[in-house]
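Okay, so here's the structure we're looking at.
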Amino acid sequence: MREQTMRDWFDDDAFWAAAYPFMFPENRFEAGRTQVEQIVQLTGCTSGGVLDLACGPGRHSVPLAEQGFAVTAVDRNAWLLERARAHAAAAGVTVEWVQSDMRQFVRPESYDLALNLFTSFGYFDDPRENELVLDNVRTSLRPGGCFVLDVIGKEILARNFQPTHSDEIPGAGIVVQRRRILDDWSRIEVDWLHLHQDRVRAFQFRHWLYSGQELKTMLAAAGFADVRTYGGVDGASYGPEARRLIAVGRKAN
């Protein structure tokens with residue numbers, strides 16, 4: 001049996017249910033705890049309110065709450081939020097979970113730190129809508145508040161690009177990804193095939209790609225000051241060995 005879903009992939013429960021074992025294995029939750037510690041050190045933000053935008057299953061929201069932050073975790077997808085609530089309950093922490101679109105969520109001057117991690121930016125076909133997300137984050141930060149944005153940099157993807165890739169997880173099946181670069185390296189489109197037992201499910205998604213300089217320019221245009229790029233939340237330089245593109249900016253006092 002073959003099923004196909006192509007539109008609004010980021011709001012499709014079927015996609016996240018199929019992708020979950022591949023995107024969020026247990027070791028990735030453990031890595032989230034380490035990343036939170038590194039983000040605290042990188043930003044110098046040790047207390048206050050945190051906005052975890054596109055929080056997914058809460059792998060950063062929960063460790064932040066464990067460290068005493070007042071966490072608001074926002075995601076558009078109800079299926080992922082249910083997993084996040086279960087994760088928080090198991091950890092015995094309180095997080096404010098909000099189902100909302102990142103183009104719409106804004107709380108003026110409410111947070112000291114905002115996070116958008118794990119390539120959860122650049123989803124929207126209209127580039128102005130991605131810029132709106134940055135505007136909303138800046139508005140939601142208190143003066144001096146810090147924003148951490150994490151994507152797979154264009155330079156990194158070009159260095160490691162594979163048109164086809166597959167992964168297998170016992171009990172969860174096989175995922176085959178077929179990737180295409182669009183619009184002169186502006187976007188990537190992926191056909192995502194999930195094979196499990198006698199079923200093949202096909203999804204297609206695309207998102208924008210950003211170089212280090214492009215991301216710095218976008219954040220500066222959105223009103224962030226002192227924008228810096230790193231090759232990881234550990235503060236490594238964004239150079240030939242970088243694995244991630246991290247942009248950090250602050251709302252002016």
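The values are calculated or read from the model by the stated rules, or taken from the named source; none is laboratory data. Predicted model only: the values in this text are computed from it and were never measured. So basically every Cβ, Gly included, is an ideal-geometry build from the backbone, and we count neighbours across all protein chains shown. The protein model used for the area step is the full one, side chains on, heavy atoms only, and it has no ligands, DNA or RNA in it. Shrake-Rupley method; radii C 1.70, N 1.55, O 1.52, S 1.80 Å.
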Subject >> Distance between modelled label sites at Ser100 and Arg180, nm, 7 Å Cα→Cβ extension >> reply: 3.6 nm
Subject >> Within a Gaussian network of the chain (alpha carbon springs, distance under 10 Å), most fluctuating of Ala73, Ala91, Ala222 >> reply: Ala91
Original post:
For the chain, modelled as a GNM with alpha-carbon contacts under 10 angstrom, which of Leu132, Leu113, Leu53 fluctuates the most?
Top reply: Leu132
Original post:
Counting only Cα, what are the radius of gyration and maximum Cα-Cα distance Dmax of the range 77-161, in Å?
Top reply: 15.1, 42
**OP:** Would you compute, from DSSP H runs of 4+ residues alone, the mean residue ellipticity of the chain at 222 nm, taking -39500 (n - 2.57) per run and dividing by the full residue count, rounded to the nearest 500?
**Re:** -9500 deg cm²/dmol
Original post:
What nm value, rounded to one decimal, do you get for the distance between Glu30 and Glu189 when each label is placed 7 Å out toward the C-beta?
Top reply: 3.9 nm
Original post:
Once you have the alpha carbon radius of gyration of the range 122-197, what is it after dividing by 2.2 N^0.38 Å, with N set to its residue count?
Top reply: 1.50
**OP:** Let me know the shape class of the range 114-156, please: from the alpha-carbon gyration tensor, a ≥ b ≥ c as square roots of the eigenvalues, rounded when a/c is under 1.5, otherwise prolate if a/b is greater than b/c, or oblate.
**Re:** oblate
Original post:
Which one of Asn130, Asn27, Asn77 has the biggest mean-square fluctuation once the chain is modelled by GNM with Cα springs under 10 Å?
Top reply: Asn27
Original post:
For the pair Ala90 and Ala158, what calculated FRET efficiency results from E = 1/(1 + (r/R0)^6), where r is the Cβ-Cβ distance and R0 = 35 Å, to the nearest 0.05?
Top reply: 0.30
Original post:
Under 5 Å between amide H atoms, partner at least 5 residues away or on a different chain: which partners does Arg187 have, H built in plane at 1.01 Å?
Top reply: Leu182, Leu209
**OP:** Could you go through the range 205-211 in sequence order and give the Karplus-derived ³J(HN,Hα) for each residue, using 6.51 cos²θ - 1.76 cosθ + 1.60 with θ = phi - 60°, rounded to whole Hz, and x for Gly and Pro?
**Re:** 9, 9, 8, 6, 10, 10, 7
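Just the ratio, please: alpha-carbon radius of gyration of the chain over 2.2 N^0.38 Å, N its number of residues.
Numbers: Rg = 17.8 Å, N = 253, 2.2 N^0.38 = 18.0 Å.
Against the compact-globule rule of thumb, the ratio is 0.99.
Under 1.5 on a/c is rounded, so check that first for the range 104-253, then, if it is not, pick prolate when a/b is larger than b/c and oblate when it is not; a ≥ b ≥ c are the square roots of the alpha carbon gyration tensor eigenvalues. Each step should come with its number before you reach the end.
Details: a/c = 2.10, a/b = 1.79, b/c = 1.18.
Prolate.
Taking every DSSP beta bridge with both residues inside the chain, roughly what % is antiparallel (nearest 5)?
On the way: 36 of 57 bridges.
Rounded to the nearest five, the antiparallel share is 65 percent.
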Subject >> log₁₀ of I(q)/I(0) at q = 0.13, 0.30 Å⁻¹ - the range 67-109, Debye sum with one point per alpha carbon >> reply: -0.30, -1.10
Original post:
Using only the Cα atoms of the range 28-130, what do you get for the radius of gyration and for Dmax, in Å?
Top reply: 13.1, 40
Original post:
Under the definition of Cα pairs under 8 Å and six or more residues apart, what whole-number percent is the relative contact order of the range 1-152?
Top reply: 21 percent
**OP:** Please give, to one decimal in nm, the separation of the simple spin-label points placed at Arg243 and Ser166, each 7 Å out from Cα toward the Cβ.
**Re:** 2.5 nm
Original post:
What is the Cα centroid distance between the range 186-239 and the range 93-159, reported in whole angstrom?
Top reply: 12 Å
**OP:** Give the relative contact order (percent, whole number) for the range 38-105; include only Cα pairs under 8 Å separated by 6+ residues.
**Re:** 33 percent
**OP:** Hey, can you find the accessible area per residue of the range 40-136 for me, probe 1.4 Å, expressed in square angstrom?
**Re:** 38 Å²
